Structures are given as C-alpha cells and as structure tokens.
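This report refers to the structure that appears directly beneath it.
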Amino acid sequence: MANKINVLKGTKDILPQDIEMWHFVEENALKTFTSFGVKEIRTPIIESTDLFQRGVGETTDIVNKEMYTFEKSERSITLRPENTAGVVRSYIENGMHRLPAPVKLWYKGPMFRYERPQAGRQRQFHQVGVEMFGVSQPAADAEIILMAENFLKSIGLEDLDVEINSLGCPKCRAEFKEKLKNVIRPHLNELCEDCKGRFEKNPLRLLDCKVPQCQEIFSKTEIQNVITSDFLCDECREHYNQLKKYLDDLNVKYSENKLLVRGLDYYTRTVFEIKSNNLGSQNAVCGGGRYDNLVEELGGEPTPAIGFAMGMERLISLLKEKETSKLDGYIVSNNTTEALKLAQQLRLQGLNIEIDLANKKFTKQLEKASKVAKLALILGEDEIAQNKVSIKNLETGEQVTVDRNICAEKIK
Ligand code: HAM
C-alpha cells in the first residue's frame, strides 16, 4: 500500500457529521447581521504581504512570526491571518467612502496563522466578523457590541463575559507608554525574552504577558499604579464613558479590564473581548475594537471604523451537540426504476430523499430507512400496479397508502 498522506498539523477537516452546526452558525450570522443592516462581503484569502505589515503592524506576533507568506512572480503574497485589513483594502479600493455612512460589512471564512497548535488554537481556523465604517460616535461602539451579543444569543450562547477597555488615541496613549516604560525599565533584565523585545517596540503588549516571572514584576505597586491609572485625554474619556452609559442603558453586562490590550496594532479607543469559562486557556470567542486611523494609514480618506471577529471553531465547541437532521423520506423498493422516478419527482418538489442504489433486500432497506429518514416510502408490487405509495412513519409505525401524485403534499 502507498504511504498515507495526512491533514497538516493545526488544520482540520470539517466532517459531514459536524457540518450542520456550521450551517446553523452561518445562517444565524446572516440573520442577525442583516437585522442591523449589515451586508456580506467576500474578499480574497490571499493579499499583498504589505497589507498586513502595514495594516496589522510590524511589531505584532501575527506579522512577526505567524504569517504564511510566499513569493509568486516576484510578489510577496500572504494567506490572510485576519480579515480587517482585507476589508479595509476593499473599502478603499472600491470607493465605499462615497456610500452613505455607516458602511456595515460582515464576512466569514478561513484565516491562517502559524501558531503552536493547541486546544482552541489552529493554524487554519475560521472567523465570522463585522466591520463598520464612517461613525466616530460611541453609539457605533455600543451597536457593534450589541450585534456580537445578539448573534451569540441567536446560537444559544448566553453566559459569556464581555470585557471592555479603552486604549486611548495615539496622543494620550504615547504618554501612557512612556510612563509604563519608565516604571518597568529598572526591571528590564528580569523580563522574559519576548517582553524584552516588546519593551521598545510595543510596550502595551507587556501587559498581557502570561509568564509568571513577568507577572510578578508587573504586580509591583509602582507599576500597578501606572497600569490602573486613568491616562485617557478628555475626548477619549468622554467617548469611553458614553459607551459605558449606552451599555448600561441596554442592559449589556460587561466588566472593565485594564489589561485588555489586544494583539493587533491598529486599535484606538474602545477594545473588547467576549470570553467563555468553558474553553480553557484559549478562552476568547470574540475580539474587536475601534481602529480610527487604519483606513487613512492604508491610503484611504480619514474614516473612523470599528469591528469584531469571532473564532467559529470556538463557538462550535461551545454549542451542545445538535442531532443531525434526517431525510424526509427513504424509498424502499425492489424496483429500482420506479424508485429512481419517485425520488426524482419528490426532490423536484423540494423534499430530501434517498433510495437504495445497490439492490439490497427489502428488510435491509427498511433498516437503513429507519436510521437515516423520518419516513419510509414503500413501493411494493401492489403500490406500483396501482400508482400508489405507502408512507410509513418510522417513529410511530403509522402507515398510510396514497396516490403518487399527492405523495409530496402528504409527506410535507
Ligand atoms: P483576533 O482577536 O486576533 O482579532 O481574533 C478574533 C477571534 O478569532 C479570537 O477571539 C478567536 O476566537 C479566534 N482566533 C484567533 N486566532 C485563532 C486560532 N489560531 N485558532 C482558533 N481561533 C482563533 C482579529 O482577528 C481582528 N481582526 C478582530 C477585529 C475585527 N477587530 C476589529 N475588527
């Protein structure tokens, strides 16, 4: 036998027994987002590497270590590690700033990050996400968080924790970063190697380091005083307070987390995550925030924007196993021609039907029917002679015989 070829590490097949759960999540995404006036957008999975270098940021783990990048005809191409940058590119390229604001877009599809695979973390995973362009007011932030909540509720996920924070604008954040560096600098040598690198390039990211020795240092009083200080300028504070007021008025439960800094560089002001207690260490099902400078940084008109994305694998692992749905009917007959004809008639009338294609015994066919279908549609010699079908309810055992031309209605 030839060598087997296996699926790549960190990637997974989505198998027929699980696909209904995916359809369920995707259908509810379409319904919920449509109810907010959001339209779907589908952008390519490959983009110019520059897009992510400039969009996601050179100092992030995603761009530094995790991108699948390759050369083709002397161009550097990358499999998208996330889709905010791609949607922004498309917004600019297609002149969507000329549309009435806000422009609201949603997407679903695969993303690729070369991370160490573990429970809840894959190298190819799927996101469903929303981006909203053209509104700087905090009502947009509230609506985006509400949209995420409504969608999670629509698939039956209610008890999740919403965490929010504000990262301020480049101006107030720059002052905060300096203060943070000043109190951490005396301990620089004791930090982990990653944090040593982050110290100059991206000091905010120090805050979500999970290494115990770093956490111990950051718990020192003088460092905590800076971390928990209110560094926002008046405009950023007003924006954040107004968002909290909207969330209170809407009865959205949330907690504030000063350590929530997110792993992408484009955020300004509001950031948020939605977490579950039932997911282990990779517990974020949703991450998002405002990115008011990204459109301009990628060559567009200055345009405020905010959005979120959710990991579909994580959502699905939280859903209880849904029973796979059964066919409407399974035709049981020793006359293959008649079975093929009836199946064709019923499928064209919108029913899901299967037949035995392999000339199995009648009893075997009935056994199969009870496994895969709600009804057995029996075409014995008598039924065929009289142009009738016997419909057997496989749950109750009840059976009726009807004319073939009204069979579909009877089944429905
Ligand atoms: P992110 O936090 O990198 O944000 O990813 C969003 C969600 O995708 C995470 O909360 C998680 O559920 C899922 N996810 C991320 N990486 C993996 C992985 N390796 N395996 C499985 N699931 C994963 C973004 O991607 C931003 N683009 C979100 C956004 C949209 N911000 C504004 N607009």
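The values are calculated or read from the model by the stated rules, or taken from the named source; none is laboratory data. No experiment lies behind these values; they were computed from the predicted model shown. FYI the Cβ positions are ideal-geometry reconstructions off the backbone, even for glycines, and counts take in every protein chain you see.
Go through the stretch 43-78 and give me each residue that's over 12 Å from Y266 (Cα atoms) and acidic (D, E).
Within the stretch 43-78, E47, D50, D61, E66, E71, E74 qualify.
Could you tell me which numbered condition A85 fails, if it satisfies all but one of (1) outside any strand (DSSP E or B); (2) surrounded by fewer than 20 Cβ atoms within 10 Å (Cβ to Cβ)?
Against the list (1) outside any strand (DSSP E or B); (2) surrounded by fewer than 20 Cβ atoms within 10 Å (Cβ to Cβ), A85 comes up short only on (2).
Please go through the stretch 1-20 and give me each residue that is surrounded by 12 or more Cβ atoms within 10 Å (Cβ to Cβ) and more than 16 Å from the ligand (Cβ to nearest atom), ordered by number.
Just the residues of the stretch 1-20 that are surrounded by 12 or more Cβ atoms within 10 Å (Cβ to Cβ), to begin with: 10-12, 14, 18, 20.
Selection gives E20 alone.
Checking M67 against (1) under 17 Å from E131 (Cβ atoms); (2) of a type in the set (A, V, I, L, M); (3) under 20 Å from the mean Cα position of the chain (by Cα): exactly one of these is not met. Which one?
With respect to (1) under 17 Å from E131 (Cβ atoms); (2) of a type in the set (A, V, I, L, M); (3) under 20 Å from the mean Cα position of the chain (by Cα), M67 is out only on (1).
How about the stretch 210-222: which of its residues are surrounded by fewer than 18 Cβ atoms within 10 Å (Cβ to Cβ) and in contact with a helix residue (DSSP H, G or I) (Cβ under 6 Å, 6 or more places away or on another chain)? Before the answer, list the steps.
Our first condition is that a residue be surrounded by fewer than 18 Cβ atoms within 10 Å (Cβ to Cβ); within the stretch 210-222, this holds for 210-213, 215-216, 219-222.
Within the stretch 210-222, just E222 meets the criteria.
Kindly indicate whether R347 is within 12 Å of the ligand (Cβ to nearest atom), of a type in the set (K, R) and outside any loop (DSSP other than H, G, I, E, B). Don't jump to the end; show me each part of the working.
Working: within 12 Å of the ligand (Cβ to nearest atom): no; of a type in the set (K, R): yes; outside any loop (DSSP other than H, G, I, E, B): yes.
No; evaluated as a whole, the condition is false for this residue.
Looking only at the stretch 173-187, which residues are out of contact with any helix residue (DSSP H, G or I) (no Cβ under 6 Å at 6 or more places or on another chain) and surrounded by fewer than 18 Cβ atoms within 10 Å (Cβ to Cβ)?
Correct list: A174, E175, E178, N182, R185, P186.
On the basis of being assigned to a loop (DSSP other than H, G, I, E, B) and either over 30 Å from N293 (Cα atoms) or over 39 Å from the mean Cα position of the chain (by Cα) (or both), does L357 make the cut? Let's see the steps before the verdict.
Values: assigned to a loop (DSSP other than H, G, I, E, B): yes; either over 30 Å from N293 (Cα atoms) or over 39 Å from the mean Cα position of the chain (by Cα) (or both): yes.
Considered against the rule, which asks whether it is assigned to a loop (DSSP other than H, G, I, E, B) and either over 30 Å from N293 (Cα atoms) or over 39 Å from the mean Cα position of the chain (by Cα) (or both), L357 comes out as yes.
Spot the failing condition for G289; the list is (1) away from the ligand (no atom under 16 Å from the Cβ); (2) under 23 Å from D159 (Cβ atoms), and only one is missed.
(1)
List pairs: first in the stretch 1-17 and under 18 Å from P110 (Cα atoms), second at pLDDT 95 or above and not in a loop (DSSP other than H, G, I, E, B), Cβ under 6 Å, 6+ apart or cross-chain?
These pairs meet every condition: T11/Q124.
One line per residue, one yes/no per condition, for (1) of a type in the set (A, V, I, L, M); (2) surrounded by fewer than 17 Cβ atoms within 10 Å (Cβ to Cβ):
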{"site": "D265", "(1), (2)": "no, no"}
{"site": "T270", "(1), (2)": "no, no"}
{"site": "N277", "(1), (2)": "no, yes"}
{"site": "Y291", "(1), (2)": "no, no"}
{"site": "G299", "(1), (2)": "no, yes"}
{"site": "A305", "(1), (2)": "yes, no"}
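Here is a yes/no grid of residues against (1) more than 23 Å from M96 (Cβ to Cβ); (2) assigned by TED's automatic domain parsing to the domain that holds E143; (3) part of a helix (DSSP H, G or I):
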site: K12; (1), (2), (3): yes, no, no
site: H23; (1), (2), (3): yes, yes, yes
site: A29; (1), (2), (3): no, yes, yes
site: R42; (1), (2), (3): no, yes, no
site: E58; (1), (2), (3): yes, yes, no
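Across the stretch 98-154, what is the total count of residues that are assigned to a loop (DSSP other than H, G, I, E, B) and either closer than 24 Å to Y240 by Cα or without any contact (Cβ under 8 Å) to a residue 24 or more places away in the chain (or both)? Step through it out loud before you land on a result.
Applying the first criterion (assigned to a loop (DSSP other than H, G, I, E, B)) to the stretch 98-154 yields 99-102, 113-117, 119-120, 122-123, 134-137.
Now narrow it down to the ones that are either closer than 24 Å to Y240 by Cα or without any contact (Cβ under 8 Å) to a residue 24 or more places away in the chain (or both): 99-102, 116, 134-137.
Here the count works out to 9.
Quick test of your reading of the structure: N94 fulfils all but one of (1) of a type in the set (S, T, N, Q); (2) closer than 21 Å to G299 by Cα; (3) within 12 Å of the ligand (Cβ to nearest atom). Name the failing condition by number.
Failing condition for N94: (3).
Within the stretch 118-134, count every residue that is buried (at least 19 other Cβ atoms within 10 Å of the Cβ) and within 14 Å of the ligand (Cβ to nearest atom). Working first, answer last.
Kept after step one, since they are buried (at least 19 other Cβ atoms within 10 Å of the Cβ), are these residues of the stretch 118-134: 122-123, 125-134.
Going one step further and asking which of them are within 14 Å of the ligand (Cβ to nearest atom), we end up with 122-123, 125-133.
Adding up the residues that qualify gives 11.
Six or more apart or on different chains, Cβ under 9 Å: which pairs go from a residue in the stretch 329-343 that's in a helix (DSSP H, G or I) to one that's of a type in the set (D, E)? Could you list them?
As it stands, the answer is T336/D356; E338/E383; A339/D356; A343/E354, since those pairs meet every condition given.
Quick check on E273: is it touching a helix residue (DSSP H, G or I) at 6+ places or on another chain (Cβ under 7 Å), in the same structural domain as V88 (by TED's automatic domain parsing) and of a type in the set (D, E)?
no
Which residues, taken from the stretch 188-209, are among the polar types (S, T, N, Q) and either surrounded by fewer than 18 Cβ atoms within 10 Å (Cβ to Cβ) or over 26 Å from H239 (Cα atoms) (or both)?
Taking the stretch 188-209 and keeping what is among the polar types (S, T, N, Q), we get 189, 202.
Selection gives N189 alone.
Please find, among K253, K245, the residue that is in the same structural domain as Q137 (by TED's automatic domain parsing) and assigned to a loop (DSSP other than H, G, I, E, B).
Working: K245 fails: assigned to a loop (DSSP other than H, G, I, E, B).
Of the residues listed, the single one that is in the same structural domain as Q137 (by TED's automatic domain parsing) and assigned to a loop (DSSP other than H, G, I, E, B) is K253.
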